[in-house]
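Trainee: I have a structure here, written as structure tokens, and I will follow up with some questions on it.
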Amino acid sequence: MLSILLAALPLLQAQAPVPQEAPKAEAASLSFASLRQPYLWDRLMQVDLAVDGLKVNSIFFNLRESKVKLFQGPTFGTRAQVEVTNTSKATKIPGFIVAVLDADGRLLGVASGGSKLTGVKPGETETFDLNFDQVNARVPKGAAFLLTVELR
């Protein structure tokens, strides 16, 4: 039986599919910037990051609380607030990703969001709320964060 399998092995190998490289997609040219910075919970942090006329001013990590008097007290999730200013002459449509890491470099949470319907018009300053969904209990204990901005 073993001799039959050994004899058939070259035939099986010849019929095996040959791995092919994935086709390289022609991606649209997107503006992109990223940084890593020490992390502070519930403290406004200045950010020095700009991409094609969109300047990231600051980031703030905290718990979202209700502003409705009936619901005073409860929190509604962990978030990062990113403030940007458009210093260019064209409207910018940003997307953001924020990752929070502990002191050992382990991922504690990821939030994403961005683009308001009208974008950020020239000269305007806007704040974007990015929500940490599902995995967020350890976000307040972070040591560093990564921020990525991509313009469409």
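The values are calculated or read from the model by the stated rules, or taken from the named source; none is laboratory data. This is a predicted model, so every value here is computed, not measured. Here Cβ is always computed from backbone atoms with ideal geometry, including for glycine, and neighbour counts include all displayed protein chains. Side chains included, ligands, DNA and RNA excluded: accessible areas come from the protein's heavy atoms. Shrake-Rupley method; radii C 1.70, N 1.55, O 1.52, S 1.80 Å.
Trainee: Kindly provide the set of residues from the stretch 97-127 that are closer than 17 Å to R64 by Cβ, surrounded by fewer than 18 Cβ atoms within 10 Å (Cβ to Cβ) and either hydroxyl-bearing (S, T, Y) or touching a residue at least 40 places away in the same chain (Cβ under 8 Å) (or both), ordered by number.
Mentor: Within the stretch 97-127, S112, T127 meet the criteria.
Trainee: Quick one: how many residues across the stretch 48-71 are touching a strand residue (DSSP E or B) at 6+ places or on another chain (Cβ under 7 Å), modelled with pLDDT under 95 and open to solvent by 40 Å² or more (accessible area, probe 1.4 Å)?
Mentor: So the answer is 3.
Trainee: Ok, one more. Could you run through the stretch 127-152 and say how many residues are under 11 Å from P94 (Cα atoms) and outside any loop (DSSP other than H, G, I, E, B)?
Mentor: Adding up the residues that qualify gives 5.
Trainee: Tell me yes or no: at least one residue of the stretch 72-85 is under 23 Å from R106 (Cβ atoms), modelled with pLDDT of 95 or more, open to solvent by less than 100 Å² (accessible area, probe 1.4 Å) and of a type in the set (D, E, K, R).
Mentor: Scanning the stretch 72-85, I find at least one residue that is under 23 Å from R106 (Cβ atoms), modelled with pLDDT of 95 or more, open to solvent by less than 100 Å² (accessible area, probe 1.4 Å) and of a type in the set (D, E, K, R), so the answer is yes.
Trainee: Cβ-Cβ distance below 7 Å, separation of 6 or more or different chains: which pairs start in the stretch 128-152 with a residue that is farther than 17 Å from Q37 by Cα and end on one that is open to solvent by less than 10 Å² (accessible area, probe 1.4 Å) and part of a helix (DSSP H, G or I)?
Mentor: Short answer, once both residue conditions are applied: F132/V139.
Trainee: While we're here: Only residues that are in a strand (DSSP E or B) and either over 16 Å from T127 (Cα atoms) or open to solvent by less than 80 Å² (accessible area, probe 1.4 Å) (or both): list them for the stretch 29-47, please.
Mentor: The answer is S31, F32, A33, S34, L35, R36, Q37, P38, M45, V47.
Trainee: Just one of (1) part of a strand (DSSP E or B); (2) farther than 19 Å from S34 by Cβ; (3) more than 18 Å from the chain's Cα centre (by Cα) trips up T85, so point out which.
Mentor: In the conditions (1) part of a strand (DSSP E or B); (2) farther than 19 Å from S34 by Cβ; (3) more than 18 Å from the chain's Cα centre (by Cα), T85 misses (2) alone.
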